[in-house]
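Please read the structure below before turning to the comments.
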Amino acid sequence: MSTDQPKGLLSTESYKGVRDFYPEDYYIHRWILETMRKACQSFGYTEYDASVLEPTELYTSKTSEEIINNQTYTFTDRGDRSVTLRPEMTPTVARMVAARWRDYPMPIRWFSIPNVFRYEKPQRGRLREHWQLNADMFGATGIEADVEMIALAAHVIKTFGATDSDFEIQINDRRLINATLEKIGATGEQHNALLFALDRKEKETSKDPAIASLMETYGTTIAPDEYLTQVMDALKRRGITNVRFSPYLVRGFAYYTGVVFEVFDTNPENRRSLFGGGRYDNLASAYTTQQIPAIGFGMGDVTIHDFLEIRNKLPAFKHPATVFIATTSPTVAAEAYNLATQFRDAGVYTSLNVTDKKIGDQIKYADKLGIPYVVVVGDDEVKNNTFVAKHLPTGNETPINRDDLTQFLQTP
Ligand code: HAM
């Protein structure tokens, strides 16, 4: 549709970097979220939610201070409070768990599919609002917890119909990264600059020659330690073989303390990460003296959409109605409505004509919407109590008595 508007009219375009979901887009969007939901529930994770609005201090407190702060949407409310649209869910869920951990048996296994907002430059795979599946486990440390979380990520993507060769899981460990930086003699000051530079290695080389040279040394020094080797072996024994140690995988968030991982599409057209996550054992300690270790990941709807689109794995839009009731004249409108009620009460989703269009045009309307059946209601049909169910994709016409019609449409 053209977005050229005559002078004086408002633009019909949405805000930059966010999406309008027209019904055919929303159908796919809902399918994506529903698939994520089912995959998490099948691992016994339960769903939670929260508001998009958070006090800004949630992101400026020491534990979560990091690059994402440059990308937040922040404003002052009418009560002079600084408010931020959540750029991610992890600080929120850590806050929620810190407040109520006594009420739940540990480990807590939760998921949510919030929309999150980041002021990024909109481009392929990157928008300013996206929906992000977050699966997190609180109160468990050790190899089995770490393995379950990575296995869940693999399970989610497989639930979408992906096979092992479609994606690769890259892993690293913050403890190993830190130990390696220490080993190669990086000073405390250089430490954060190096983490930042490592995180951006794919995009650019550091302009600081000392940092660039330390990165070289880092690359030749780092090797998977015993723990990472055990994690990769454990995953292999569980049938997850497409895991690779990735020395430059750091993850941009300051809160990670252990294993970090990302899932990538193996198709070069979709280079953005599909998932990112890791262990963060200290984030909750901003809110409680109770030590609550945690591990989790986030998976965005945009990159998985691209992943599935490239592979022709997105579902085709399906109209919710099974049947459209066409009417020959206003005199049968009440009869038609009552027939619609009979269908709806039996769980047959029904759309009803409200116009004075000709029958042929009413049928065209139903066909364009993708509603598979049309039932015409006219004076004769009402009198004889017999209707014709027309199946639009095949053109088949079945005359049926009113009482049997509902059942016919229930099991078309
Ligand atoms: P993240 O790596 O920033 O991690 O985001 C996770 C995923 O969200 C990415 O892999 C990508 O699929 C998607 N994503 C991120 N930013 C955008 C964007 N601007 N447009 C579209 N998709 C995007 C986190 O947010 C962590 N809080 C995840 C986590 C949960 N760690 C532990 N628990």
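Only one of the numbered conditions (1) assigned to a strand (DSSP E or B); (2) more than 15 Å from the ligand (Cβ to nearest atom) is violated by F275, and that is (2). Please find, within the range 289-306, the residue that is farthest from D265 (Cα to Cα) out of those that are within 6 Å of the ligand (Cβ to nearest atom) and assigned to a strand (DSSP E or B). The extreme case among them is G296.
As a summary of the residue check, N385 satisfies the conditions (1) out of contact with any Phe, Trp or Tyr (no Cβ under 7 Å at 6 or more places or on another chain); (2) within 15 Å of L409 (Cβ to Cβ) except for the one numbered (2).
For the range 77-118, a tally of residues being near the ligand (Cβ under 10 Å from one of its atoms) and touching a His at 6+ places or on another chain (Cβ under 9 Å) returns 3. Out of all the residues in the range 241-250, which are in contact with a Lys or Arg (Cβ under 8 Å, 6 or more places away or on another chain) and either within 9 Å of the ligand (Cβ to nearest atom) or not aliphatic (A, V, I, L, M) (or both)? The one that is in contact with a Lys or Arg (Cβ under 8 Å, 6 or more places away or on another chain) and either within 9 Å of the ligand (Cβ to nearest atom) or not aliphatic (A, V, I, L, M) (or both): Y248. Would the range 123-135 turn up any residue that is within 21 Å of the chain's Cα centre (by Cα), within 13 Å of the ligand (Cβ to nearest atom), under 23 Å from A286 (Cα atoms) and buried (at least 20 other Cβ atoms within 10 Å of the Cβ)? Scanning the range 123-135, I find at least one residue that is within 21 Å of the chain's Cα centre (by Cα), within 13 Å of the ligand (Cβ to nearest atom), under 23 Å from A286 (Cα atoms) and buried (at least 20 other Cβ atoms within 10 Å of the Cβ), so the answer is yes. Between V231, V260, V250, the distinction of being of a type in the set (V, I, T), within 22 Å of D136 (Cα to Cα) and in a helix (DSSP H, G or I) belongs to V231 only. Considering each residue of the range 276-285 in turn, at least one proves to be crowded, with 21+ Cβ neighbours inside 10 Å and basic (K, R). Here N270 clears all of (1) within 22 Å of A99 (Cα to Cα); (2) touching a residue at least 60 places away in the same chain (Cβ under 8 Å); (3) part of a loop (DSSP other than H, G, I, E, B) except the condition numbered (1). Restricted to strands (runs of 3 or more DSSP E) entirely inside the range 77-178, those with at least 3 residues that are under 16 Å from M36 (Cα atoms) are 108-112, 129-138. Being aliphatic (A, V, I, L, M), in contact (Cβ under 8 Å) with a residue 60 or more places away in the chain and touching a strand residue (DSSP E or B) at 6+ places or on another chain (Cβ under 8 Å), is that true of even one residue in the range 341-359? Yes - at least one qualifying residue is present in the range 341-359. Being surrounded by fewer than 12 Cβ atoms within 10 Å (Cβ to Cβ) and either at pLDDT below 95 or closer than 20 Å to I113 by Cα (or both) is the filter here; which residues of the range 68-94 pass it? The answer is N70, and nothing else.
Against the condition buried (at least 21 other Cβ atoms within 10 Å of the Cβ) and either closer than 15 Å to R174 by Cα or not small (G, A, S) (or both), how does T220 come out, does it pass? When the stated conditions are applied, T220 does not pass them. Could you tell me whether V377 is more than 25 Å from A316 (Cα to Cα) and β-branched (V, I, T)? Spelling it out, V377 is indeed more than 25 Å from A316 (Cα to Cα) and β-branched (V, I, T). Counting the residues of the range 191-214 that are within 25 Å of Y227 (Cβ to Cβ) and either in contact with a strand residue (DSSP E or B) (Cβ under 6 Å, 6 or more places away or on another chain) or polar (S, T, N, Q) (or both) gives 1.
The combined condition, being closer than 23 Å to R279 by Cβ and within 16 Å of the ligand (Cβ to nearest atom), is fulfilled by F253. Checking the range 186-207 against the condition returns no match, with no residue being at pLDDT 95 or above, more than 24 Å from T266 (Cβ to Cβ) and buried (at least 22 other Cβ atoms within 10 Å of the Cβ).
Taking first residues from the range 87-102 that are among the charged types (D, E, K, R) and partners that are within 8 Å of the ligand (Cβ to nearest atom), the Cβ contacts under 7 Å between residues at least 6 apart in sequence or on separate chains come to E88/I68; E88/V116; E88/G298. Taken together, the residues in the range 307-336 that are within 16 Å of the ligand (Cβ to nearest atom) and touching an Asp or Glu at 6+ places or on another chain (Cβ under 8 Å) amount to 2.
The values are calculated or read from the model by the stated rules, or taken from the named source; none is laboratory data. Source: prediction; values computed, not measured. Here the Cβ is made from the backbone with ideal geometry for all residues, glycine too, and neighbour counts use every protein chain on show.
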